[in-house]
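Remarks on the structure that follows.
The values are calculated or read from the model by the stated rules, or taken from the named source; none is laboratory data. Quick caveat: nothing in here was measured; it's all calculated off a predicted structure. Positions of Cβ are generated from backbone atoms using ideal geometry, with glycine treated the same way; all protein chains shown enter the neighbour counts. Quick note on the areas: whole protein, heavy atoms, side chains included, nothing else; ligands and nucleic acids left out. Shrake-Rupley method; radii C 1.70, N 1.55, O 1.52, S 1.80 Å.
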Amino acid sequence: MELSDRQWKLFDFVKEMHGSQKRKYTDAPYYTHLLSVAGRVDQYVKNGYETEIALCHDLIEDTECSLAELSSKLMSLGYNIEEDEVILAGVDDLTDKYTHEKYPSLNRAQRKELEGARIIASRPIAQTVKYADIIDNMLSLAEHDPGFARVYAREVDGYLWKINKGNPELYQACCRLLTEMKERLGLNTN
């Protein structure tokens, strides 16, 4: 994957915001996940702002960064108002709203069911990035935590079939992987 100068500058900002966060299981810097998702998106989509959305997809959820701060950064990097709006909307679509902090009375299954219902209404550009995020997470979980991979696969199975407005080839790859994972993990494939 080749990033433009402003994409690299955006990545540097995102990397700084994520600070010393690590990937669960591997202890790799968290930004490796962001680059992996962006790289996977880049294999399927060359025009648009999916790469920027992929780099920023966990920014609002996992750091102190706000959409306003991200907007300010984008504008300082030379993104115009239309580009800023597209990127912010995609990042917002991918930011979990039903978090434990905001909804402590809901258990994980309840929160993820609400998130699944919400993500169904997301923009096609965000759905494209979501496919790449799901693939990266499923591959990591299958390798490092098959038990939790079952939980994650069930959660994804609850909404993936309804978020089919993004890139069709990446969507097919994501659906194939989920089907393979369910079979490998012994989950009902009905």
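What do you reckon, is residue 66 among the polar types (S, T, N, Q) and closer than 19 Å to residue 136 by Cα? Let's see the steps before the verdict.
Numbers: among the polar types (S, T, N, Q): yes; closer than 19 Å to residue 136 by Cα: no.
No: the conditions fail for residue 66.
Report the residue count in region 43-63 for those that are out of contact with any Ser or Thr (no Cβ under 6 Å at 6 or more places or on another chain), in a helix (DSSP H, G or I) and open to solvent by less than 30 Å² (accessible area, probe 1.4 Å).
The total comes to 7.
Could you check how many residues of region 9-37 are assigned to a helix (DSSP H, G or I), open to solvent by 20 Å² or more (accessible area, probe 1.4 Å) and of a type in the set (A, V, I, L, M)?
Keep residues of region 9-37 that are assigned to a helix (DSSP H, G or I), which gives 9-18, 31-37.
Narrowing the set further to residues that are open to solvent by 20 Å² or more (accessible area, probe 1.4 Å) leaves 9, 12-13, 15-17, 31-32, 35-36.
Checking the rest, the ones that are also of a type in the set (A, V, I, L, M) come to 17, 35.
Number satisfying all stated conditions: 2.
Of the residues 40, 6, which single one is closer than 21 Å to residue 174 by Cα, part of a helix (DSSP H, G or I) and not small (Gly, Ala, Ser)?
Working: 6 fails: closer than 21 Å to residue 174 by Cα.
None of the others qualify; the one that does is 40.
Under 23 Å from residue 4 (Cα atoms), more than 17 Å from the chain's Cα centre (by Cα) and β-branched (Val, Ile, Thr): does that describe residue 87?
On the way: under 23 Å from residue 4 (Cα atoms): yes; more than 17 Å from the chain's Cα centre (by Cα): no; β-branched (Val, Ile, Thr): yes.
No.
Pull up region 5-44, narrow it to residues that are under 21 Å from residue 139 (Cα atoms) and among the hydrophobic types (A, V, I, L, M, F, W, C), then point me to the one that is modelled with the lowest pLDDT. Let's see the steps before the verdict.
To start, the set of residues in region 5-44 that are under 21 Å from residue 139 (Cα atoms) comprises 21-44.
Right, trim to among the hydrophobic types (A, V, I, L, M, F, W, C) and you get 28, 34-35, 37-38, 41.
Numbers: 28: 94, 34: 97, 35: 97, 37: 98, 38: 97, 41: 97.
In this case the residue turns out to be 28.
Given the condition in contact with a strand residue (DSSP E or B) (Cβ under 9 Å, 6 or more places away or on another chain) and aromatic (Phe, Trp, Tyr), answer yes or no: does some residue in region 15-32 qualify? Reasoning before the result, please.
First, the residues of region 15-32 that are in contact with a strand residue (DSSP E or B) (Cβ under 9 Å, 6 or more places away or on another chain): 15, 18, 20-23, 28-30.
In the following step, the residues that additionally are aromatic (Phe, Trp, Tyr) were identified as 30.
Within region 15-32, one or more residues are in contact with a strand residue (DSSP E or B) (Cβ under 9 Å, 6 or more places away or on another chain) and aromatic (Phe, Trp, Tyr).
To keep it simple, each residue is scored yes or no on (1) without any contact (Cβ under 8 Å) to a residue 24 or more places away in the chain; (2) of a type in the set (A, V, I, L, M); (3) closer than 21 Å to residue 45 by Cα.
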| position | (1), (2), (3) |
| --- | --- |
| 113 | no, no, no |
| 120 | no, yes, yes |
| 124 | no, no, yes |
| 127 | no, no, yes |
| 149 | no, yes, no |
